[in-house]
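See below for the structure under consideration.
The values are calculated or read from the model by the stated rules, or taken from the named source; none is laboratory data. All figures in this text were calculated on a predicted structure; none of them were measured in a lab. Neighbour counts run over all protein chains shown; Cβ positions are idealised from the backbone, glycine included. Keep in mind that these areas ignore ligands, DNA and RNA; they rest on the heavy atoms of the full protein, side chains included. Shrake-Rupley method; radii C 1.70, N 1.55, O 1.52, S 1.80 Å.
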Amino acid sequence: MCVQYTVSNGLTLRIDLDSDVPAYRQIVDGLRILLVNGKLAPGSELPSVRRIAVDLGVHFNTVAEAYRTLADEGWLELRHGRGATVVERDAPAASAEKVTEFRRRLQALVAEMQSQGASAARLSTELRTAANELEL
Amino acid sequence: MNLEIPFAVLPLALVAVIFQFMPLLTRRGIFFSATVDPEFPQSADGRRLLRSYRLQAALWTVLALALAMPLATTRPQFGARLPALLLVAGIGFSYWLKFREIHEHYGLRRPEVRETSLVPAEENEGIRLWLVIPPFIAIATVAFYLNAHWSQIPDQFPVHWGVNGQPNRWANRDLAGVYGPLLMATMLNLLFLVFGWVLLRMSRKSIMRYVTIRMLEVLLYPVTFTFVVVSLLPVMRIPLWLALSVLFAFIAGIFFWAYRKITAPSAPDEGPEPQSDSYWKAGVFYYNPNDPAIFVSKRVGIGYTMNFANKMSWVVLVGILLIALLPVLLVRK
């Protein structure tokens with residue numbers, strides 16, 4: 001599995017079509033990182049669905065679905081036939097279900113990394129670094 | 001002097017020379033349309049494969065020339081078509097064999113990593129109206145001029161010349177005959193603009209696309225110049241050598257600029273578009289049903305080819321053919 005998101009040198013989204021992670025998920029995750037860390041600030045305009053789909057070599061519906069997901073989360077306002085605009089968003093209080101879901105996914109990820117030989121201390125450092133990088 | 005043989009042989013020889021160098025007209029990491037290590041073409045195997053291809057191409061050339069020379073005098077109706085077909089098909093077959101061998105034994109599989117900029121499209125990407133409108137104004141001006149000087153136009157006048165400079169097609173003083181060349185120029189210019197517009201929308205951003213769009217914009221000028229000169233010949237004395245010199249100088253200038261732009265040290269090293277060899281049929285035809293792009297950078301030479309798995313590609317292809325053929329059909333009617 002190899003998912004890469006480039007955020008340096010301008011705003012760039014990169015996906016790996018060989019990855020086990022579906023293209024839709026990679027696009028949502030990549031954009032969400034840029035939204036959470038503020039690289040995509042409110043008022044920013046995202047390219048059209050067609051532009052992103054052609055550049056990434058994925059179906060138009062894949063990108064449209066990713067935009068819709070982020071719009072449902074309150075990050076984007078969709079503009080018909082054009083693209084999307086980043087909107088101001090109040091950070092919602094995480095629901096108990098979301099926290100449970102997050103814990104489940106995290107446990108799976110931690111177990112996977114531990115089975116690859118990563119120590120608990122190393123994982124803890126990695127998690128703290130990631131959280132600090134994304135903190136607004 | 002009998003010119004049939006030189007006229008049949010010279011184009012074939014020119015095409016044969018281009019085919020000899022074709023495998024080298026590519027980007028690093030691509031060899032005979034297959035993805036390889038960038039150093040592979042210089043390796044012993046790479047040089048051996050290139051030598052083998054060139055030898056086969058030379059043999060096909062000899063065969064085509066041997067066919068062309070007797071045909072030129074005994075069956076002029078075939079012209080150079082049959083030998084040219086043999087040449088292209090034969091060398092194409094040799095090229096495909098090399099592509100298959102390199103792909104199977106020396107090919108690399110690059111990761112299918114794709115990237116897109118989230119910054120809105122830069123302003124210098126689009127087609128510049130101030131540059132593409134003047135040719136249309138020139139065509140309209142000449143049309144008005146011809147209308148005003150209608151009585152000076154001879155009943156019959158030449159509209160096409162052979163390679164030897166002698167007229168070989170004539171037109172009558174009627175709407176199709178007088179305005180046909182201008183209509184042809186208009187349609188060709190529109191064809192370039194439509195191609196540029198589709199390219200902007202349905203291909204990936206690259207230095208190749210930037211250069212192609214700029215070339216398309218500027219190519220409107222030599223096209224317009226050519227047909228305007230042809231349409232004015234019945235009422236104006238224009239030395240053909242001068243018109244041809246201006247035309248060739250202009251076109252050479254455009255291609256020189258494009259070559260310099262693409263090979264400039266400051267040009268971004270984008271490498272080939274990240275597609276697996278499996279999407280390239282015979283190494284030449286791009287067929288990827290998952291890719292919404294209609295145009296992709298060619299693996300050999302400069303320019304673009306189509307994604308033949310995309311239905312829209314066929315629509316665009318038919319549209320382009322219709323635009324190209326419409327003036328011919330209208331003029332012949």
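Listing for the model above:
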quantity	calculated
Packing-based order for B:139-150, B:84-95, B:34-45, using average beta carbon neighbours within 10 Å, highest first	B:84-95, B:34-45, B:139-150
Qualifying lysines (Cα of each under 20 Å from Cα of B:Lys281; at least 8 residues distant if same chain)	B:Lys98, B:Lys298, B:Lys311
Rg/Rh (Cα only; Kirkwood hydrodynamic radius) as it applies to chain B	1.00
Cα centre as origin, Lys/Arg/Asp/Glu Cβ charges: region B:1-75 dipole, Debye	60 debye
Solvent-accessible area per residue, Å², over region A:30-136 with all protein chains present [probe radius 1.4 Å]	64 Å²
B:Asn310 long-range amide H proximity, modeled H, under 5 Å	B:Asn288
In the B-A interface, the accessible area buried, summed over both sides, Å² (probe 1.4 Å)	2000 Å²
Alpha-carbon radius of gyration plus Dmax, which is the widest Cα pair, for the protein assembly as shown in Å	28.6, 95
Karplus 3J(HN,Hα) series, Hz, for region B:220-230 with 6.51 cos²θ - 1.76 cosθ + 1.60 (x for Gly, Pro)	4, 6, x, 5, 4, 4, 4, 6, 5, 4, 4
Descending semi-axes in whole angstrom, ellipsoid equivalent of region B:166-288, from the Cα gyration tensor	37, 19, 13
B:Leu55-A:Asn61 FRET efficiency (beta carbon distance; Förster radius 41 Å; 0.05 resolution)	0.25
Dipole magnitude (debye, nearest 20) for chain B, charges at Cβ of Lys, Arg, Asp, Glu	400 debye
Chain A: relative contact order in percent, alpha carbon pairs under 8 Å with at least 6 residues between	21 percent
Hydrodynamic radius (Kirkwood) for region A:71-136, which is based on Cα pairs only, to one decimal in Å	14.9 Å
Surface share of carbon and sulfur [accessible, 1.4 angstrom probe, percent] for chain B	69 percent
Relative packing of B:7-13, A:55-61, which averages over residues the other C-beta atoms within 10 Å, highest first	A:55-61, B:7-13
Debye intensity ratio in log₁₀ form over the Cα atoms of region B:127-228, taken at each q of 0.13, 0.14, 0.16, 0.20 Å⁻¹	-0.58, -0.65, -0.77, -1.00
Area of A:Glu97 that stays accessible when all protein chains are in place (1.4 Å probe, Å², to 10)	130 Å²
P(r) weight above 26 Å for chain A, C-alpha pairs, percent	29 percent
Chain B: relative contact order as a whole-number percent, Cα under 8 Å and 6+ apart	21 percent
Ellipticity estimate at 222 nm from DSSP helix runs (n ≥ 4, -39,500 (n - 2.57)) divided over chain A, nearest 500	-16500 deg cm²/dmol
Translational D in µm²/s for region B:1-153 (Stokes-Einstein at 20 °C, 1.002 mPa s, Kirkwood Rh from C-alpha pairs)	106 µm²/s
CD proxy at 222 nm, helix term only [per DSSP H run n ≥ 4: -39500 (n - 2.57); per residue of chain B; nearest 500]	-20500 deg cm²/dmol
Mean accessible surface per residue for chain B, computed with a 1.4 Å probe while every protein chain stays in place, in Å²	56 Å²
For A:47-55, mean number of other protein chain Cβ atoms within 10 Å	6
Order by protection proxy (mean Cβ within 10 Å, highest first), peptides B:318-325, A:89-96	B:318-325, A:89-96
Within region B:133-166: backbone nitrogen closer than 17 Å to the B:Phe248 label point (7 Å, Cα to C-beta)	B:161-166
Virtual paramagnetic centre 7 Å along Cα→Cβ of A:Thr12, amide N under 15 Å, in region A:38-69	A:55-56
Straight-distance crosslink candidates among aspartates and glutamates, where the alpha carbon sits under 20 Å from A:Lys98 and sequence neighbours closer than 8 are dropped	A:Asp29, A:Asp72, A:Glu73, A:Asp90, A:Glu135
